[in-house]
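Report on the following structure.
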Amino acid sequence: MISTQYSGLAFILLAAFLWSLLGSLSHYCFAAGLAPLEVAFWRALFACLCFAVHAALHHSLRIPMRHAASFAAFGIVGIGAFFGTFQLAVFNGGAATAVILLYTAPLWVALFSRLLFHEALPPRKLLAIGIALAGTMLVCFSGGSLPSHNSTLGIAFGLLAGFCYALHYPFYVWWQSRHSTATIYAYMQLGGLLCLLPFVSISGSYSWQIWLTLLALGAITGYGAYWAYGQSLQRISPVQVAICANMEPVLGTLWAWLFWQENFSPLGWAGGALVCGALLLIAAQRQKAS
């Protein structure tokens with residue numbers, strides 16, 4: 001029992017670490033001249049291949065056509081718009097800003113839970129939503145994390161990425177009992193990359209370092225992180241997973257500061273702290289309920 005608990009914690013911390021690399025790896029591609037949607041496309045493509053191979057090895061890739069079409073259609077928003085807006089947020093507003101604003105997603109999830117599944121919004125959760133909104137406003141007013149660069153566009157894309165990410169929750173509640181994560185993601189990623197394809201000019205003249213980085217974006221942050229996340233859910237409670245996953249925005253912000261010299265103003269740091277604190281309040285409420 002103890003070993004299962006520790007392995008579950010190790011898996012979710014691994015997932016948080018792998019996800020936290022997304023902003024910095026994207027930054028490296030931008031520095032080499034790649035466009036944001038180009039990076040999003042290659043991430044979706046390599047992740048799609050990884051999930052397809054996983055599903056094929058487990059004999060779960062063949063599913064009813066209408067289900068595959070549903071996953072691919074959702075992938076237009078859940079993968080195409082999500083990956084694209086996140087990359088645009090990193091490009092315009094900085095990796096630290098994009099990561100913090102992405103984690104407004106649990107607030108949207110709380111609202112979706114209320115509207116779609118009639119879950120209660122107790123005072124603690126309402127307080128968490130209010131704190132996170134205040135933190136988000138501070139991050140927005142700070143202008144982002146790129147030095148001497150105030151980006152309204154980057155902030156807008158970051159908020160939109162958080163909304164697109166939150167849409168995954170009601171979709172998975174509906175499908176998770178009928179298909180594996182690998183199956184759902186294989187078709188979702190396919191829909192996302194087909195959506196992104198018209199907006200990119202694909203070039204094969206990349207250096208081996210760029211190809212390796214693009215592969216890492218897909219295989220590590222697009223596939224490996226989700227695989228580790230799924231393994232953690234098989235070993236520990238969703239509450240523990242939610243709390244430990246909050247390491248991602250902390251680590252993502254740290255990498256952006258350490259490797260790319262991104263830095264918030266005091267107002268921005270205060271806003272980021274409020275967003276992370278609100279996530280812990282929501283997780284604590286779920287633990288109390290369970």
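For this structure, a couple of remarks:
- Distance in nm between pseudo-label sites at Trp257 and Ile76 (7 Å out along the Cβ direction from Cα): 4.1
- Taking 0.36 nm per residue of separation and subtracting the Cα-Cα distance, full extension of the segment from Arg62 to Tyr172 would add 37.7 nm.
- Enclosed volume per residue, in Å³, of the convex hull spanned by Cα atoms of segment 1-43: 62
- Extending 7 Å from Cα along the Cβ direction at Tyr6 and again at Ala32 yields two label points whose distance is 3.9 nm.
Only the coordinates and a few stated rules stand behind these numbers; no lab work does. Remember, predicted model here, so these are calculated numbers, not experimental data. With ideal geometry, Cβ positions are generated from the backbone for all residues, glycine too; neighbour counts draw on all protein chains shown.
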